[in-house]
1. Would you mind working out the accessible area per residue for the chain, using a 1.4 Å probe, and quoting it in Å²?
2. Only Cα pairs under 8 Å and at least 6 apart count here; give the relative contact order of segment 1-110 as a rounded whole percent.
3. Using a 1.4 Å probe on the protein heavy atoms, what percent of the accessible area of segment 278-321 belongs to carbon and sulfur?
4. How much length is gained if the chain between E487 and S37 is pulled fully straight, taking 0.36 nm per residue apart and subtracting their Cα-Cα distance, in nm to one decimal?
5. Read phi for every residue in segment 440-452 and hand back ³J(HN,Hα) as whole Hz from Karplus 6.51 cos²θ - 1.76 cosθ + 1.60, θ = phi - 60°, with x for Gly and Pro.
6. Round to a whole number: what % of the accessible area of segment 154-239 belongs to carbon and sulfur, probe 1.4 Å?
7. Tell me, what ³J(HN,Hα) does each residue in segment 42-55 have, in order and in whole Hz, if you take phi through Karplus 6.51 cos²θ - 1.76 cosθ + 1.60 with θ = phi - 60° and put x for Gly and Pro?
8. With a 1.4 Å probe and all protein chains left in place, how much of the accessible area of segment 327-476 comes from carbon and sulfur atoms, in whole percent?
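The values are calculated or read from the model by the stated rules, or taken from the named source; none is laboratory data. This is a predicted model, so every value here is computed, not measured. Ligands, DNA and RNA are stripped out before the accessible areas are found, and what is left, the full protein with its side chains, is counted by its heavy atoms. Shrake-Rupley method; radii C 1.70, N 1.55, O 1.52, S 1.80 Å.
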Amino acid sequence: MAEGTGANFSLGDHTLSVPMELFSTNRVRLCEKLRGSEGVSGGGAVVVLQGGESKTRYCSDTEEIFRQESYFHWLFGVSEPDCLGIMEVDSGQTIVFIPRLPEDYGIWMGQIYSCEHFKNKYNVDSVRYIDEIVEVIQKMNPSILLTLMGMNTDSGKFCQEACFDGIGNFQSIINNKILHPIIMECRVIKTPLEVTVLRYTNQVSSAAHCEVMRAVRPGMKEYQMESLFRHYCYTHGGMRHISYTCICGSGHNSATLHYGHAGEPNAKTIEEGDMCLFDMGAEYCCYASDITCSFPVNGRFTEDQKMIYNIVLKANRAVMDVVKPGVSWVEMHQLAERVTLEELKRAGLLQGEVDDMMKVHMGAVFMPHGLGHFMGCDVHDVGGYPSGGVERSGAPGLKSLRTARVLQEGMCLTIEPGVYFIEHLVNKALLDPAQNCFINRDMLTRFRRSGGVRIEDDIVVTATGVELLTCVPRTVGEIEAWMRSGEKTWQPRPVT
C-alpha cells in the first residue's frame, strides 16, 4: 500500500487542504472489515469499483460539470471521470485505471497527464490504463472479485456495478453481494479527517448563510439569494458544487418542503413581512453540508413569527442536548414532536393532552418530514436502513425518517425540526375527528398561508454528546442583531 507522500486536494491557499491520507485511511478500514467477513477471509479477494462517467446534456455535446461517484470518491479520492479502481484486500495494494486519451484531447481539453502524475496526485500504488485492466487482474490471480451492487435505501436507486471490456473473463469469481453492506457501513462512521472536511463545508456554508441574511430585502427575488449563496461558497470556499438544489422559500413558499425545483425555481418576489426559509449547503472534495436558516425579511420578528420560531428552536436544542452514542434516532424524532406539540399547546394553537396528540400523530400535521438524516459524501448519506436493522415505520412522520438507527460515535447527521402550515395537511387534519379536536381553529386562521420554519444544524456524534458543526445566528435576538448590525462577520458563541 502506498505510503503518505504529502499529496492533497486543494483549490488554493484560502481553501482547505485535504490530504490523500483521508482516502488511504478509508481503504485500510475497508480492507480490515473485508478480511474478517464471510466469503473473503480465505484470502485472494480484489475489490473493483467503477468511477462516475462524463456525460453530455441529452443528445448534445454540451458537457455537464462532472462530480465523482460517491463510493469511488470515498475509496480513491479521484476527481477525474471515466476511471476504475481495484484494491487487493490482503495487501491493500491499490491501482487506479484511467482512460487512454487521444492526442486531440490536448487541443481541446488541455494537457494529457502521465500515469505517474496521477499516481503521485492520488497517492496510490500504481496507475494504469483501462485497456490494461484485464491483464492486471489476471496477473493478480484473485480468488474472488468483489463488485459493488446494492440499493440506496434513501433513494431506492442502485449503485453502478463495475463494467469493463473483458470483465466476462472473471464471471466465475465475481461476487456482488459482499462488498456493498460493508463499504456502506464504513461510510456511516466518519474518520477524524472526514470530520475536518465536514467542519470546513459547514464553516463556509454557514458564512454564506450569514451573508444572505444580511443582503435580503423586500422586492428581491428568491433566486438572487440562491445566487449570492453559491457565489460566496465558490469564491471563498472553492466549492464548485452544491450539495442539493437550493431551497429559497419566502412567505407561503417556506411551507413547501423541497421548494426550488424546476417547477418552483425560487422565483417569487420576497415581500415585506415574509419569513424566509433558506435551506442551502455547498460541498467540498465531495463532502456535503446541509443548513437551514429561517428569519424575517426585514430583520424583525413579529410576535407570531417569534412564537413559531422559538418552538422550533426549542425542539432543535432539546434533541441536541440528549444526542449521544446509544440513543435511538426514532426516539429523537419523537422527542422533537413532543416538544413541538407541548409548545404549540402552550401557545394556544393546540388544546388537549399531548399524549393523546402523539397517539394520533398530530406532530406529522406540522412536521411531516423526518428529524434528520446521515450526511457525508452524499447529503442524504448511505446506511440509513441496513439489511437486518430496524425497519422503516409506516406511521405519519416516522415513515419519512431517513434512518431509524441507534446512534454511534462518528455518525454525522442533521437535526432539522420544523413547524409548517401546509394547506393539504391542515385541511386533512380539520376533517379528521381524531385530530381536529386538538386544533384551535380561530387561532389557526392567523397562520394559514404564513409558510413555515425549519432550523437545520449539522452535528457529529462524539463519545459523550455532539459536536455542532453549523455556526449561524440562531436565537431571535442573535438573528435580529446580526441583520441590523454593521459587523462584517458573524462572531459565533463557542461550539462544543
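1. With the other protein chains kept in place, the chain gives 44 Å² per residue.
2. Across segment 1-110, relative contact order equals 25 percent.
3. The nonpolar share, carbon plus sulfur, comes to 48 percent.
4. Stretched out fully, the E487 to S37 stretch lengthens by 156.5 nm.
5. Karplus-based 3J(HN,Hα) across segment 440-452 equals 7, 4, 4, 5, 4, 4, 5, 9, 4, 6, 7, x, x Hz.
6. Using a 1.4 Å probe with all protein chains present, segment 154-239 comes out at 52 percent carbon and sulfur.
7. Here the 3J(HN,Hα) series is x, x, x, 8, 10, 8, 10, 10, 9, x, x, 9, 5, 10 Hz.
8. 51
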